[in-house]
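For reference, the structure is listed below as structure tokens.
The values are calculated or read from the model by the stated rules, or taken from the named source; none is laboratory data. In this text the structure is predicted, and so the values were computed from the model without any measurement. Here the Cβ positions follow ideal geometry from the backbone for every residue, glycine too, while neighbour counts run over all protein chains shown. Accessible surface areas use protein heavy atoms only, side chains included; no ligands, DNA or RNA. Shrake-Rupley method; radii C 1.70, N 1.55, O 1.52, S 1.80 Å.
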Amino acid sequence: MYRRQYYFILLSSLCLAAMACQSSEPARTSKEELPTSKPSPLNEAPKAKDQGATAPDVLMLGQSNDEFEAQPGALRLLLGSKAGTYYRLGTALARDAKEHGLSVQPLPSFGSVENLYLVALGQADAAFVQLDLLRNGRHELAANAVDVLSPLFLEEVHLVSKRGSKISSLADLKGKRVHLGRHGGGTAFTAGALMKAAGVQVETDCEARYGASSQSLIDLAAGDIDAAWVVAGAPLGAFKDIPPNLVNADQLHLIPLSGPMVDTALKNLPGYQVGEVPAEAYVWLKDTVKTVAVPCVLIVSKKMDAAQRELLMKSMKERKWLPKAHPKGADFADLKLVKRSNQVLLPEYKVPAVARIVGAGDGGTYDTIASGLCRVGKNQSLKLTTLKTNGSFHNLILLASGEAELALVQRDVLQAVADSKTFAPLLKELRLLSPIFSEEVHLLARRDGSVSSVEDLSGKRVQVGLSSSGTWWTVHNILSQKGIQINAQRSTAQPALMRVLGGELDAMFLVGGSPMGLLSDLPATYKEDLKLVPLSALKGYEAAAIDTPSYQWNDSPCKTLSTEAYLIARRELSGDFIVKLIQGMHAHKKSLMTMHPKWSELDLARVGKALSQKCALAPHVALKAALDGSKTGSAPAEDWSMSDSNNSELMPEDSNEKELEGEVK
């Protein structure tokens, strides 16, 4: 009993500490009903620590404002971090809209890229988005699936260094450690475009770091990075309200972005214009600084009717709350776009020297599998690195837009995109490499609660995962087929589990290869508090079971559903790379199983089955050669194990065999 209470207190403390550390992470507290009909999830609405980041990445629950609880017919407005400019202005817009008879639910998100795709896919009705993303040819499909209702305000580009550094221009970023925001996000895109225009290539000329903007200031003060980019309407909360115990604000320096080099970039890059950060924006800023600015625009679903569009525009023009929320609200939606260029940029894709594999956040099965692939890659003389993401759909976006070379993606997510006429072209540059393992659907509830079947979820408070995660897509499919409406809440897994144990949530879904790390860490004493709820057969999913050995608190096998985790790649990866990676996976299967038992499911027959089942992706041209080599034994012999004393390396059992080295960084 005491051990169980201690574990719950420890879990609660970790979550609260993580929340206190973050100043710019989005919070997911939305409560919306999933539809009872059975539409494609692409057409109807129903972290994890990034590379280089050390701040905990927890999405907070329980902080929603009752004023904005979901109402039937409310417009879902995607914004950004709760500490960011988007969210402050979006919340004020919702208040102004309410006074004009329009119900708007402001929702936090991970920013512009996620916002664009979720509106395009029908998971939201409107969003704030950087204009330059709509001019990026890699996002053209999504951009063409939405309407721009109005420009809103200018977002200033912040390039920050430590005072006294020798960085005074974009050219000085060569050879430096540069923080670019979240991988594949709006800030990273803008920073990359401006650096490239100045002759600085992100991939080769600097050491790129990714993560939350709040973490970048901590790293900058600690000397772990040399410069950090943030694109946001000034003043930005993360730069204004700096925790004095973490960062000495007097150390910060905002680098001017002006001069002939920047002028040339503005002429050639669509969506940018001259801007400035006023001296009064931040206490640590001595003078007004010239910079580049990108307009923030309001995008809406093409399905939004004319009356709703008119009310949104009226709310912005006859604003009351917007000027009170943020200085940008004073002239909200009065912005006139500078007609520099309407061209669409299509950045050329080249396979980088280090291939990027996207999995998911820390501690999940994808994260462990991706780390195993990196170790195999290094043993096979392949350069691989992992990047943290929000899950399957986010991985698909990053892979399709050239921000990654390899990805782990759920089969049901892949199939949903393939079935969409609008978004099926996203898959044209992607290829199947291999199914790796089955991902079981975990439906968790308190043992003393009222949820004993999926039907019992009706009207209940249920955690459904983040919008760009595989869990969300799977839950949407299950509930759509069952015709069940729930009170849906979105967050990462750890705080959701805490709330289930504390009785604040009735149930939660997790989709991942069993055993999942978060659930494995629960001691056996939790069998008195937590249970797995069985799931019956559904179209598109395999029958599965979660056995008792998977979790020490689970005292009986539980029938459930599963979908497969596919390893997919961009078609441009060389045949030699693919052959070495696939053969290495099969050759080192036993040692990989010491990292996670799901590697035991890697099997040549699964590939043939996937291809025979009308897979959404064509196989890579080198796949046959790779599999033939694995069948004939041309790959190295397998005889490896994991060192108990050092989890960063796979150690050989036989001293005559070569060591399988640690993860590439």
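Screening residue 303 with (1) of a type in the set (D, E, K, R); (2) open to solvent by less than 80 Å² (accessible area, probe 1.4 Å); (3) touching a Gly at 6+ places or on another chain (Cβ under 8 Å) gives one miss only, at (2).
Among the residues of the range 389-447, those identified as among the hydroxyl-bearing types (Ser, Thr, Tyr) and within 16 Å of residue 469 (Cα to Cα) are 389, 392.
Please go through the range 596-608 and give me each residue that is open to solvent by 10 Å² or more (accessible area, probe 1.4 Å), touching a Phe, Trp or Tyr at 6+ places or on another chain (Cβ under 9 Å) and not in a helix (DSSP H, G or I), ordered by number. Scanning the range 596-608 gives a single hit, 596.
Among strands (runs of 3 or more DSSP E) lying entirely in the range 206-324, which contain 1 or more residues that are among the small types (Gly, Ala, Ser) and more than 15 Å from residue 160 (Cβ to Cβ)? Write out each step before concluding.
On the way: elements: 207-209, 227-232, 252-254, 273-277, 289-301.
Those strands (runs of 3 or more DSSP E) span 207-209, 273-277, 289-301.
Scanning the range 196-220 for residues that are more than 22 Å from residue 288 (Cα to Cα) and of a type in the set (A, V, I, L, M, F, W, C) yields 197, 198, 200, 202, 206, 208, 212, 218.
Take the conditions of a type outside the set (Gly, Ala, Ser) and more than 23 Å from residue 585 (Cβ to Cβ) and apply them to residue 411. Does it pass? Spell out the reasoning first.
Details: of a type outside the set (Gly, Ala, Ser): yes; more than 23 Å from residue 585 (Cβ to Cβ): no.
When the stated conditions are applied, residue 411 does not pass them.
Screening residue 389 with (1) touching a Lys or Arg at 6+ places or on another chain (Cβ under 8 Å); (2) among the β-branched types (Val, Ile, Thr); (3) at pLDDT below 90; (4) open to solvent by 10 Å² or more (accessible area, probe 1.4 Å) gives one miss only, at (4). When residue 443 is tested against (1) of a type outside the set (S, T, N, Q); (2) in contact with a Ser or Thr (Cβ under 8 Å, 6 or more places away or on another chain); (3) modelled with pLDDT under 95, just one condition goes unmet, and that condition is (3). Of the listed requirements (1) small (Gly, Ala, Ser); (2) farther than 19 Å from residue 367 by Cα; (3) within 18 Å of the chain's Cα centre (by Cα), residue 465 misses just one: (2).
Residues in the range 554-575 that are among the polar types (S, T, N, Q) and surrounded by 19 or more Cβ atoms within 10 Å (Cβ to Cβ): how many?
Quick first cut of the range 554-575, residues among the polar types (S, T, N, Q) only: 554, 556, 560, 562-563, 574.
Filter again for surrounded by 19 or more Cβ atoms within 10 Å (Cβ to Cβ), leaving 554, 560, 562-563.
Summing the residues that are among the polar types (S, T, N, Q) and surrounded by 19 or more Cβ atoms within 10 Å (Cβ to Cβ) in the range 554-575 gives 4.
Of the numbered criteria (1) under 20 Å from residue 391 (Cα atoms); (2) open to solvent by less than 20 Å² (accessible area, probe 1.4 Å), the one residue 540 fails is (2).
Any residue that is open to solvent by 30 Å² or more (accessible area, probe 1.4 Å), at pLDDT below 90 and assigned to a loop (DSSP other than H, G, I, E, B) - is there at least one of those in the range 508-523? Scanning the range 508-523, I find at least one residue that is open to solvent by 30 Å² or more (accessible area, probe 1.4 Å), at pLDDT below 90 and assigned to a loop (DSSP other than H, G, I, E, B), so the answer is yes.
All told, residue 498 meets the bar of being more than 19 Å from residue 615 (Cα to Cα), more than 18 Å from the chain's Cα centre (by Cα), part of a helix (DSSP H, G or I) and of a type in the set (A, V, I, L, M).
Can you work out which of the residues in the range 261-278 that are more than 15 Å from residue 194 (Cβ to Cβ) and touching a strand residue (DSSP E or B) at 6+ places or on another chain (Cβ under 8 Å) is most open to solvent (accessible area, probe 1.4 Å)?
Initially, the range 261-278 is screened for residues more than 15 Å from residue 194 (Cβ to Cβ), giving 276-278.
With the extra rule that they be touching a strand residue (DSSP E or B) at 6+ places or on another chain (Cβ under 8 Å), the set shrinks to 276-277.
Numbers: 276: 99, 277: 0 Å².
Checked the range 261-278; the qualifying residue most open to solvent (accessible area, probe 1.4 Å) is 276.
Just the residues that are open to solvent by 30 Å² or more (accessible area, probe 1.4 Å) and in contact with a helix residue (DSSP H, G or I) (Cβ under 7 Å, 6 or more places away or on another chain), please, taken from the range 576-595. First the steps, then the outcome.
Here is the first cut: in the range 576-595, the ones open to solvent by 30 Å² or more (accessible area, probe 1.4 Å) are 576, 579-580, 586, 589-590, 593-595.
Within the range 576-595, 579, 586, 589, 593, 595 meet the criteria.
Cβ-Cβ below 8 Å, separation at least six or inter-chain, first residue in the range 402-414 and under 7 Å from residue 357 (Cα atoms), second open to solvent by less than 10 Å² (accessible area, probe 1.4 Å) and among the polar types (S, T, N, Q): which pairs? Taking only residues 6 or more apart or on different chains, the pairs are 404/395; 407/395. Just give me the residues in the range 339-366 being in a loop (DSSP other than H, G, I, E, B), modelled with pLDDT under 60 and either acidic (Asp, Glu) or surrounded by 14 or more Cβ atoms within 10 Å (Cβ to Cβ) (or both), in sequence order. The answer is 340, 341, 344.
Please determine whether any residue of the range 609-624 is in contact with a strand residue (DSSP E or B) (Cβ under 7 Å, 6 or more places away or on another chain) and either open to solvent by 60 Å² or more (accessible area, probe 1.4 Å) or at pLDDT 95 or above (or both). Outline the logic, then answer.
Taking the range 609-624 as the starting set, the residues that turn out to be in contact with a strand residue (DSSP E or B) (Cβ under 7 Å, 6 or more places away or on another chain) are 610-611, 615, 617-620, 623.
From the residues that got through so far, the ones that are either open to solvent by 60 Å² or more (accessible area, probe 1.4 Å) or at pLDDT 95 or above (or both) too are 611.
Yes, some residue in the range 609-624 is in contact with a strand residue (DSSP E or B) (Cβ under 7 Å, 6 or more places away or on another chain) and either open to solvent by 60 Å² or more (accessible area, probe 1.4 Å) or at pLDDT 95 or above (or both).
Against the test of being over 21 Å from residue 279 (Cα atoms) and open to solvent by less than 10 Å² (accessible area, probe 1.4 Å), the options 211, 233 yield a single qualifying residue, 211.
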